[in-house]
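Visitor: A single structure is presented below for examination.
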Amino acid sequence: MKEILTFFTLFLILHLYLPTSPTFSLINTHDNLGGNTMESKPRLPKTVGIWTRPESPKIINAKNIFDYMDGAGELYLAYRFDRLESYEYQAETQKEILVELYFMETSDDAFGLLSIDWGGEPMKLSASSPDNVSNDESPWPRALYGEGLLRIWSDNFYARIMAYQETPESKQAVLELGRTIVKGRNNPPAPVLMKVLPSAFQHSWKRCKDRVGYLRSHLVLNSLYYLGHENMLDLNHTTEAVTAPYEKMDSSESRSRIQFLTVKYSNPDRAKNALTHFHQVYLPDYPLETHSKSTGDLKNTFPIEDGWLGYRLQVNTLSFIFECPDQETASAIINEIE
């Protein structure tokens, strides 16, 4: 299981960081941009430092995204992806800088793409403030930079700005482009469902910030915490989920880790059907108990191969805790969830 988890994680992260393929299909740049989208579209400068962009971007949508980036397209389609606009800035004496603007349906979807990997240095893209910040006003950074790559969550789009070769000049250009992209745009808060993740459970299990993920797809879930190849929780674009590991250090300095997951469905029936499906695939030896008709609340714990599992069904939300060391811990955490 750990080997499979590593494979999925590396698959998504490598495709997220590697330069995109030069193969692409073009769509008319001026078509299908829509009223509000056109108004909110960043105005990228023609030149930045010694780099110059072409007049028009490459436009990629769901139909041709795999021609542009092969298998990595699954990552973006796992959220509510509208289109991608790609510019390549060129210079005579240095390698190219790639700018990709991913227009998503909502700010939550753009946040989800950033949450796939919290690696890098948090950056504050404001001309009046230092770029490097350790404490932002939001608990979740909006931009991360590392090894020539700047990733940004800005309102309803996600951006990647990548210098093929990192130099002091290219870093300055990448950050300047980032400032241009976020200038004048709204900064909606993180998805409401993120509030379900406490900083700690039972005052002893601490959340690991670098593996917190917001998602809508079982493929993304498997990259963060592998459950199985089947979509046993019925995840799709109408659902949203958050997951994070929590770590505990005992007196012997050995670390143990549990995994928390919450999924919100569009209605209670979908949540109940998903729990039934989960039981059939993940807990085939345990019958599903009838939930309380008065409260719509159902809680249970089970011993499985890698520890104790607990879940709780509350109206249209399913919450899970995996790999608990004992039933007492699983029950206590499940009882905390609201």
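Computed from the coordinates by the stated procedures, all read-outs in this text should not be read as laboratory data. Treat the numbers as computed from the prediction; the structure is a model and nothing was measured. Don't worry about glycine lacking a Cβ; one is built from the backbone with ideal geometry, like all the others, and counts go over all protein chains shown.
Visitor: Could you tell me which of the pairs 209/299; 171/195; 41/95; 63/124 are separated by over 29 angstrom between their Cα atoms in the structure shown?
Guide: 171/195; 63/124
Visitor: Right, next: What's the local net charge at residue 52, with K and R +1, D and E -1, over the other residues with C-beta under 15 Å away? Kindly include the intermediate steps, with their values, before the conclusion.
Guide: Working: positive: 46, 53, 95; negative: 55, 88, 92, 96, 169, 176.
Value of the local net charge: -3.
Visitor: For the range 181-283, rounded, prolate or oblate, judged on the Cα gyration tensor with a ≥ b ≥ c (square roots of eigenvalues), a/c < 1.5 rounded, else prolate if a/b > b/c?
Guide: Because a/c hits 1.5 or more and a/b fails to exceed b/c, the range 181-283 counts as oblate.
Visitor: Once you sort the root eigenvalues of the Cα gyration tensor of the range 177-238 as a ≥ b ≥ c, which label holds: rounded (a/c under 1.5), prolate (a/b larger than b/c) or oblate (the other case)? Walk me through the numbers on the way to the answer.
Guide: Working: a/c = 2.24, a/b = 1.32, b/c = 1.69.
Judged from the Cα gyration tensor, the range 177-238 comes out oblate (a/c at least 1.5, b/c at or above a/b).
Visitor: Then there's this: If you add up the charges near residue 164, with Lys and Arg at +1 and Asp and Glu at -1, over every other residue whose beta carbon is less than 14 angstrom from its beta carbon, what do you get?
Guide: -3
Visitor: Same structure again: How would 151, 53, 257 line up from fewest to most surrounding beta-carbon atoms within 10 angstrom?
Guide: Lowest to highest Cβ neighbour count: 257, 53, 151.
Visitor: Near residue 264, which aspartates and glutamates are there with a Cα under 19 Å away, not counting those fewer than 8 places off in the same chain?
Guide: 105, 108, 109, 230, 234, 240, 297, 336, 338
Visitor: To continue, here is another question. Compute the relative contact order of the range 192-336 as a whole-number percentage, counting only Cα pairs closer than 8 Å that sit 6 or more residues apart in sequence.
Guide: Reported as a whole number, the value is 20 percent.
Visitor: Between residue 92 and residue 305, with labels modelled 7 Å along Cα→Cβ, what's the label distance in nm to one decimal, could you check?
Guide: With each label point 7 Å from Cα toward Cβ, the separation is 6.2 nm.
Visitor: Continuing with this model, one more query. Within 10 Å of each residue's Cβ, count the other Cβ atoms and sort 123, 249 from fewest upward.
Guide: 249, 123
Visitor: Still on this structure, please answer the following. Among 324, 208, rank each residue by its count of other Cβ atoms within 10 Å, from fewest to most, as a rough exposure measure.
Guide: 208, 324
Visitor: When the chain is fully extended, how far beyond the present Cα-Cα distance does residue 121 get from residue 277, taking 0.36 nm per residue of separation?
Guide: Working: separation 156, 0.36 × 156 = 56.16 nm, distance 4.00 nm.
That pair, residue 121 and residue 277, stretches by 52.2 nm at full extension.
Visitor: Next up: Enumerate the amide H contacts of residue 157 below 5 Å, restricted to partners 5 or more residues apart or on another chain; note that Pro and chain-start residues carry no placed amide H.
Guide: Correct list: 104.
Visitor: Calculate the dipole size of the range 192-336 relative to its Cα centre from +1 charges on Lys and Arg beta carbons and -1 charges on Asp and Glu beta carbons; express the result in debye to the nearest 20.
Guide: 600 debye
Visitor: Hey, quick one: spin label on residue 230, modelled 7 Å out along Cα-Cβ, who in the range 273-290 has an amide N within reach, i.e. under 12 Å?
Guide: 276-285
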